[in-house]
Amino acid sequence: MDTCDDSPYKELVEHQQDMLVKFSPEGRLLFVNPAYCHIVGKTKEELTGSIFMPATDQRYSEVMATQMTKLFRPPHTCQVEQWISSPQGSLCISWSARSVTDGDGKVNSIIATGRDITRLKREHHALMKRDAELMLLLESGKEMYFTHGTDHALNYVSPRLRVLLGKVPLSGKRLWTDYLTDNPINAKGLERTLKAISSGRREPPYRLEFKGRSDTKVWVEVNEIPIIKNKNTVAIAGYIIDVTEKKKVEAGLIEAEILLKNYAGMKKRRGDQTVNEGQGPFSTLKSLFFPKKTEDDGDISLDIPDVLK
């Protein structure tokens, strides 16, 4: 195995924390520094002439071998991550390799430096797991989240909101205003967003009418807040709630209130004269919940509130 005993860089090579190896085109180790010996738990003598690849777990060996084929064609470099079994447990090593070639481009040997990135890999995995759990928590509620820039271009749309609208592309930007109907109430909502962008202050919730899947109309309640950076609004973040059914109930209540007021006015105009039940709003409500009685039906008893009598 090559040594660096006569090299002025011996101290640098012997004491660096990164692993340094040199191996033949056939994959047999020609040189290893102490850092590599420590990681694999073997001496230089034990590693002399041994195969570099067997240190890799079987499930990663094919991937690493494929990447290393890049070392035999210009630019004769490759970067690869290698999971190995060591006395310290399973470790992930990030390798950067370059071939040493002769004047004809033939590979004589390969030099690689490796760094233990196990901690970074595990932190990244934990972060991805936490993000997945957080997304699951967010998506389990009725709120559907979004962010858009000051130019109204959507940056993020949660999966459930994407399903609700049915037309949000997975890639590329689109304006959230593209999904609005021509309902005049949407102009007021746009004014709220513009005001939040210009003032940097949160606006009260407001409602919009969107064009949903299959061009159905969807009513939503918007709760948003400006994102401030260096005293300037850089984006808008928030969530919406589907209030389509609630809107229908509210419209029904308004209509019922109008019917009741008209009925009360009718009674007042007629004085004490009894108004036929079929002429009042209660008959309409009754017809919705109780079908017309047939000969096979029994009598239907229905208590009428005093206010409607």
message: Between 138, 120, which is open to solvent by 30 Å² or more (accessible area, probe 1.4 Å), over 30 Å from residue 22 (Cα atoms) and either among the hydroxyl-bearing types (Ser, Thr, Tyr) or within 37 Å of the chain's Cα centre (by Cα) (or both)?
response: 138
Lone unmet requirement of (1) closer than 18 Å to residue 145 by Cβ; (2) at pLDDT below 85; (3) not polar (S, T, N, Q) for residue 267: (1)
statement: Heads up, the strands (runs of 3 or more DSSP E) in the range 1-111 (entirely inside) with at least 1 residues that are on the phi < 0 side of the Ramachandran plot, modelled with pLDDT of 90 or more and not hydrophobic (A, V, I, L, M, F, W, C) are 19-23, 77-86, 89-101
message: Please return the ranges of strands (runs of 3 or more DSSP E) entirely within the range 174-248 where 3 or more residues are hydrophobic (A, V, I, L, M, F, W, C).
response: 217-229, 232-242
field: Answer from 249, 234 - the residue that is loosely packed, with under 15 Cβ neighbours inside 10 Å and in contact (Cβ under 8 Å) with a residue 60 or more places away in the chain
entry: 234
query: Hey, any hits in the range 148-156 for a residue that's open to solvent by less than 50 Å² (accessible area, probe 1.4 Å) and of a type in the set (S, T, N, Q)?
result: no
- request: Given the conditions (1) within 20 Å of the chain's Cα centre (by Cα); (2) more than 30 Å from residue 224 (Cβ to Cβ), report the number of the one that residue 103 does not fulfil.
  value: (1)
statement: Per the filter on the range 112-128, residues among the aliphatic types (A, V, I, L, M) and not in a helix (DSSP H, G or I) are 112, 117
query: Pairs, please: C-beta under 9 Å, at least 6 apart or cross-chain, first residue at negative phi and in the range 138-166, second of a type in the set (Gly, Ala, Ser) and assigned to a loop (DSSP other than H, G, I, E, B)?
result: 138/158; 139/158; 143/158; 144/158; 145/158; 146/158; 164/212; 165/212
task: From (1) open to solvent by less than 90 Å² (accessible area, probe 1.4 Å); (2) under 26 Å from residue 25 (Cβ atoms); (3) of a type in the set (Lys, Arg), pick out the condition that doesn't hold for residue 98.
output: (1)
- request: Identify the single condition in (1) exposed (fewer than 13 other Cβ atoms within 10 Å of the Cβ); (2) under 24 Å from residue 142 (Cα atoms); (3) among the hydrophobic types (A, V, I, L, M, F, W, C) that residue 228 does not satisfy, given that it satisfies every other one.
  value: (2)
- prompt: Among the listed residues 200, 189, 212, which satisfies the condition of being open to solvent by less than 70 Å² (accessible area, probe 1.4 Å) and modelled with pLDDT under 90?
  reply: 212
task: Scan (1) surrounded by 17 or more Cβ atoms within 10 Å (Cβ to Cβ); (2) in contact with a Gly (Cβ under 6 Å, 6 or more places away or on another chain) for the single condition residue 82 breaks and write down its number.
output: (2)
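The values are calculated or read from the model by the stated rules, or taken from the named source; none is laboratory data. All figures in this text were calculated on a predicted structure; none of them were measured in a lab. Glycine also receives a Cβ, built like all others from the backbone with ideal geometry; neighbour counts cover every protein chain displayed. When the accessible area is computed, the model is the full protein with side chains, heavy atoms only, and any ligands, DNA or RNA have been set aside. Shrake-Rupley method; radii C 1.70, N 1.55, O 1.52, S 1.80 Å.
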